[in-house]
Amino acid sequence: MEYALQKKIPKDKIFVVGEYGLDHIYRKLPSLKRIQNDKIEILFIGTSMVEHGYWSGKMRDNLLSEIIKKINIEIGEDANLKIKIHPTSENINDYKQVVEKTGVKTEIIQKGDVIEMINDSDVIVSFGRSNVFYQVILLKKPLLVLNPYNDLFYKTLEGIVTECKNVDEVIKNIRDYKQIKLNDITYENFVKKKFYKFDGKCSERDAVKLINLLSKTHEIW
């Protein structure tokens with residue numbers, strides 16, 4: 001709405017329905033189950049920072065290698081690490097090369113239902129930018145974002161995600177992930193500002209409004 005108003009669109013011509021691309025996530029929530037185990041399940045989510053020209057391959061590979069090694073050395077006995085990369089934008093062979101050089105056996109997943117993977121995890125780790133962050137937030141999972149290059153994007157997610165300046169901070173927060181709680185009021189305010197509503201009815205609101213508009217237009221004709 002703010003953007004539309006900036007473009008001088010009359011307020012009475014604007015109808016907010018929400019982000020209907022998230023409706024399927026809301027409808028899926030009741031069916032999501034997970035089996036608890038004794039280890040911390042860590043899901044690292046890759047982002048297309050290299051492919052979109054924001055980072056060099058070396059920047060990504062060095063950070064990823066350090067994350068894999070330190071998790072293995074410091075909490076490897078207590079944690080499982082899986083890597084989920086973008087289904088189309090990223091090259092799985094790039095990740096395989098990094099993992100092979102670390103010598104740490106790590107599963108890399110490119111295809112599959114990321115919602116189920118997030119649900120099956122205790123804590124999510126990532127760097128860069130990705131729309132999948134919003135899915136992690138909506139499932140209220142602890143999201144640790146490594147930000148060594150001072151990306152100001154994370155200021156917009158302050159209080160929502162845990163920003164880490166280095167890998168040591170990532171490890172510390174993985175250990176303490178149970179203490180990372182998303183405040184209900186902060187969560188609700190974020191959803192309202194970013195998506196309007198997360199209730200599975202955005203598509204319905206959109207369709208009803210369009211039908212009403214078409215009906216009125218038909219009457220005028």
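The values are calculated or read from the model by the stated rules, or taken from the named source; none is laboratory data. As the structure is a prediction and not an experimental result, all values here were calculated from the model. Neighbour counts run over all protein chains shown; Cβ positions are idealised from the backbone, glycine included. For accessibility, only protein heavy atoms count, side chains too; no ligands or nucleic acids. Shrake-Rupley method; radii C 1.70, N 1.55, O 1.52, S 1.80 Å.
One residue stands out in the stretch 66-122 among those that are surrounded by 16 or more Cβ atoms within 10 Å (Cβ to Cβ) and among the small types (Gly, Ala, Ser): the one that is farthest from Val50 (Cα to Cα), namely Ala79. Inspect the stretch 49-56 for any residue being within 19 Å of Ile124 (Cα to Cα) and touching a residue at least 12 places away in the same chain (Cβ under 8 Å) and give the result as yes or no. Yes; the residues of the stretch 49-56 include at least one that is within 19 Å of Ile124 (Cα to Cα) and touching a residue at least 12 places away in the same chain (Cβ under 8 Å).
Being surrounded by fewer than 17 Cβ atoms within 10 Å (Cβ to Cβ) and either among the aliphatic types (A, V, I, L, M) or touching a residue at least 40 places away in the same chain (Cβ under 8 Å) (or both) is the requirement here; does Leu43 meet it? For Leu43, the condition - surrounded by fewer than 17 Cβ atoms within 10 Å (Cβ to Cβ) and either among the aliphatic types (A, V, I, L, M) or touching a residue at least 40 places away in the same chain (Cβ under 8 Å) (or both) - is not met. Annotation: of all residues in the stretch 145-173 being open to solvent by less than 60 Å² (accessible area, probe 1.4 Å) and under 15 Å from Glu66 (Cα atoms), the one that is nearest to the chain's Cα centre (by Cα) is Val145. Looking across Asp184, Asp199, one residue alone is among the charged types (D, E, K, R) and surrounded by 12 or more Cβ atoms within 10 Å (Cβ to Cβ). It is Asp199.
Within the stretch 1-39, how many residues turn out to be touching a residue at least 24 places away in the same chain (Cβ under 8 Å), of a type in the set (A, V, I, L, M), touching a helix residue (DSSP H, G or I) at 6+ places or on another chain (Cβ under 8 Å) and not in a helix (DSSP H, G or I)? Qualifying residue count for the region: 2. No other residue among Ile115, Ile108 is part of a helix (DSSP H, G or I) and either closer than 14 Å to Ile45 by Cα or touching a Pro at 6+ places or on another chain (Cβ under 7 Å) (or both) apart from Ile115.
Residues in the stretch 51-65 that are polar (S, T, N, Q) and either surrounded by 14 or more Cβ atoms within 10 Å (Cβ to Cβ) or part of a helix (DSSP H, G or I) (or both): Asn62, Ser65.
Yes or no: Tyr134 among the hydroxyl-bearing types (Ser, Thr, Tyr), open to solvent by less than 40 Å² (accessible area, probe 1.4 Å) and over 12 Å from Leu43 (Cβ atoms)? Against the criterion (among the hydroxyl-bearing types (Ser, Thr, Tyr), open to solvent by less than 40 Å² (accessible area, probe 1.4 Å) and over 12 Å from Leu43 (Cβ atoms)), Tyr134 qualifies. Can you report the number of residues in the stretch 139-182 which are within 23 Å of Asp199 (Cα to Cα) and either among the charged types (D, E, K, R) or in contact (Cβ under 8 Å) with a residue 12 or more places away in the chain (or both)? Of the residues in the stretch 139-182, 11 are within 23 Å of Asp199 (Cα to Cα) and either among the charged types (D, E, K, R) or in contact (Cβ under 8 Å) with a residue 12 or more places away in the chain (or both).
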